[in-house]
Amino acid sequence: GELVDSILHPEVNSHSGNLHGFIDRILDNSGIAPSDLSSIAYSEGPGSYTGLRIGLSAAKGLAYGLDIPLIGIPTLKLIAWVMLQEVDVAGDFHLVPSIDAGRMEVYIEGFDKRLITFFDAQALIIEPNTFQSFSQVQNITVFLGGSGSTKCARIWNSPVVRDLGELNISAKHMVALGWEGFQSNLYKDLAYSEPKYLKQYRPGKKKSSTG
């Protein structure tokens, strides 16, 4: 249940070229052999289509080759867990993590302070009245967080809403939920598990290297 080591790489969109090398380096630096591993945890989405596919493919390959179980961590729940570490409020409150999905769309989900879902993960287009029903139904402190929180905060204009910002979520934050999943045997099917995109993937045209 404790972080042993981590690598944070500043270059974006570099998963395919660096991930396996980083895994080797982490194991070497920590004196851990692949055969010492008991399970593999991965971020199951939503998020970057390419990043999710590469991450899950690597996790499946390791789990299959080492004959160990696979643990999927919902990305929005992971953000909610990080938000929970930032909150120091007595009484009840809600956590609403979100991920920027481009334009005025976000991936979003609602959790209570026990990290139990009270509205399901969804791809949501933010409009002027998007959060009107939430404000009318409940008078409870709501914390926003994640890369989509600024979009939500601009529209969700309520005295009970507080924006924690992007929070710089990374793989090192997965330790607690990964350990929880391992202890509870919350394993994924190695053959049929797939990323949670929340909306259909639409591949774009390949960009020309010459402009």
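Entry note, the chain: relative contact order of 22 percent, from Cα contacts under 8 Å with a spacing of 6+ residues.
A 1.4 Å probe run over the protein chains yields, for the chain, 61 Å² of accessible area per residue, whole-number rounding. Dipole magnitude for the range 1-62: about 260 debye, using +1 per Lys or Arg Cβ and -1 per Asp or Glu Cβ, origin at the Cα centre.
Placing unit charges on the Cβ atoms of the charged side chains and taking the dipole of the range 39-141 about its Cα centre, the candidate lying farthest along the positive direction among Phe134, Ala90, Phe119 is Phe119.
Share of the chain's accessible area from carbon and sulfur, percent, 1.4 Å?
Working: 6260 of 12790 Å².
That share works out to 49 percent.
Would you be so kind as to identify which of Asn168, His15, Ile73 lies farthest towards the positive end of the dipole of the chain, taking Lys and Arg as +1 and Asp and Glu as -1 on Cβ and the Cα centre as origin? Positive-end residue among those listed: His15.
For the chain, what is the charge dipole size about the Cα centre, in debye to the nearest 20, if Lys and Arg each add +1 at the Cβ and Asp and Glu each add -1 at the Cβ? It would help to have the intermediate numbers written out before the result.
Values: 18 positive and 22 negative charges, 179 e Å.
Once rounded to the nearest 20, the dipole reads 860 debye.
Which FRET efficiency, nearest 0.05, do Asp88 and Asn13 yield, Cβ-Cβ r, R0 35 Å? Intermediate results must be reported in sequence, preceding the final value.
Working: r = 36 Å, r/R0 = 1.02.
Rounded to the nearest 0.05, the efficiency is 0.45.
What does the helix-only formula give at 222 nm for the chain: each DSSP H stretch with n ≥ 4 adding -39500 (n - 2.57), the total divided by the residues, and the result rounded to the nearest 500 deg cm²/dmol? Spell out each step's value before the answer.
Working: 6 runs with 68 residues, N = 211.
Here the helix-only value at 222 nm equals -10000 deg cm²/dmol.
Report which label in (i) 19.5, 62; (ii) 18.5, 58; (iii) 16.8, 50 holds the value of Rg and Dmax of the Cα atoms in Å derived from the coordinates of this structure. For Rg and Dmax of the Cα atoms in Å, the calculated option is (ii).
The values are calculated or read from the model by the stated rules, or taken from the named source; none is laboratory data. Keep in mind it's a predicted model, so treat the numbers as computed, not measured. Glycine gets a Cβ as well: all are built from the backbone with ideal geometry, and neighbour counts include every protein chain shown. Please note that ligands, DNA and RNA were not included when accessible areas were found on the heavy atoms of the full protein model with its side chains. Shrake-Rupley method; radii C 1.70, N 1.55, O 1.52, S 1.80 Å.
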